[in-house]
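Below you'll find the structure, written out as structure tokens, and then a few comments.
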Amino acid sequence: MLVLLAFIIIFHITSAALLFIATIDNAWWVGEGFYADVWKVCVNNSNCTEIGDNYSNYSTMQAVQATMILSTILCCIAFLIFLLQLFRLKQGERFVLTSIIQLMSCLCVMIAASIYTDRREDLHEGNSYLYSQTSEGSYGYSFILAWVAFAFTFISGLMYLILRKRK
């Protein structure tokens, strides 16, 4: 039972780490000599421009930023609630609250990655002054980590839903 508990904790911490890396790191769209993320666009690794109010479709990018931050926060809150429930739940009860919060984190990261997947072309074309050299790029590892974090948080949320507290 202790091994299962250790696995669940490590799995949850891994999910949170993936969310932090996907949210913070700057590799959602990469190519030769440039990289772009949900916070800034950098060309030649030195000329960086932050995404701000002058950005066309800024509200779309804000939605991606907000849902990625929210998913990270919810994942951390779910972990803290799991630790609290571990000591406060009666024997045989399920970790439903932890599961709900973790599945909300899953939903948020799915929304963020889906919005970026769908609107990436519009964002790049509408801001050609930033993305003029980025048309030959591809999705970067932060974007892929966001989708992997979606799978991890979903599996974790289901594990908490099925899991019962034992002695």
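The values are calculated or read from the model by the stated rules, or taken from the named source; none is laboratory data. Since the structure is predicted, the reported quantities are computational estimates derived from the model, not experimental observations. Backbone-built Cβ (ideal geometry, glycine too); neighbour counts: all protein chains shown. SASA here: full protein model, heavy atoms, side chains in, ligands and nucleic acids out. Shrake-Rupley method; radii C 1.70, N 1.55, O 1.52, S 1.80 Å.
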Handout entry: Cross-chain or 6+ apart pairs with Cβ under 6 Å, segment 1-28 first and farther than 28 Å from G137 by Cα, then among the hydroxyl-bearing types (S, T, Y) and buried (at least 16 other Cβ atoms within 10 Å of the Cβ)
Key = F11/S156; H12/S156
Practice task
Quick one: count up the residues across segment 28-47 that are open to solvent by less than 60 Å² (accessible area, probe 1.4 Å) and either touching a Leu at 6+ places or on another chain (Cβ under 9 Å) or in a strand (DSSP E or B) (or both).
Solution key: 9
Problem - Any chance L4 is outside any loop (DSSP other than H, G, I, E, B), surrounded by fewer than 16 Cβ atoms within 10 Å (Cβ to Cβ) and not β-branched (V, I, T) - result: yes
Handout entry: Pairs with Cβ under 7 Å, 6+ apart, first in segment 31-57 and free of Cβ contacts under 8 Å to residues at least 24 places away in the same chain, second open to solvent by 90 Å² or more (accessible area, probe 1.4 Å) and among the charged types (D, E, K, R)
Key = K40/E50
Exercise for the section: Would you mind stating whether A17 is buried (at least 17 other Cβ atoms within 10 Å of the Cβ), part of a helix (DSSP H, G or I) and either touching a Ser or Thr at 6+ places or on another chain (Cβ under 9 Å) or not β-branched (V, I, T) (or both)? Expected result: no
Fill in the blank from the handout: Okay, helices (runs of 4 or more DSSP H) sitting entirely in segment 60-167 with 1 or more residues that are closer than 18 Å to W28 by Cα, modelled with pLDDT of 95 or more and out of contact with any Ser or Thr (no Cβ under 6 Å at 6 or more places or on another chain), I get 96-126, 141-162
Fill in the blank from the handout: Flagged in segment 55-107 as buried (at least 21 other Cβ atoms within 10 Å of the Cβ) and touching a strand residue (DSSP E or B) at 6+ places or on another chain (Cβ under 9 Å), in numbering order, are F95
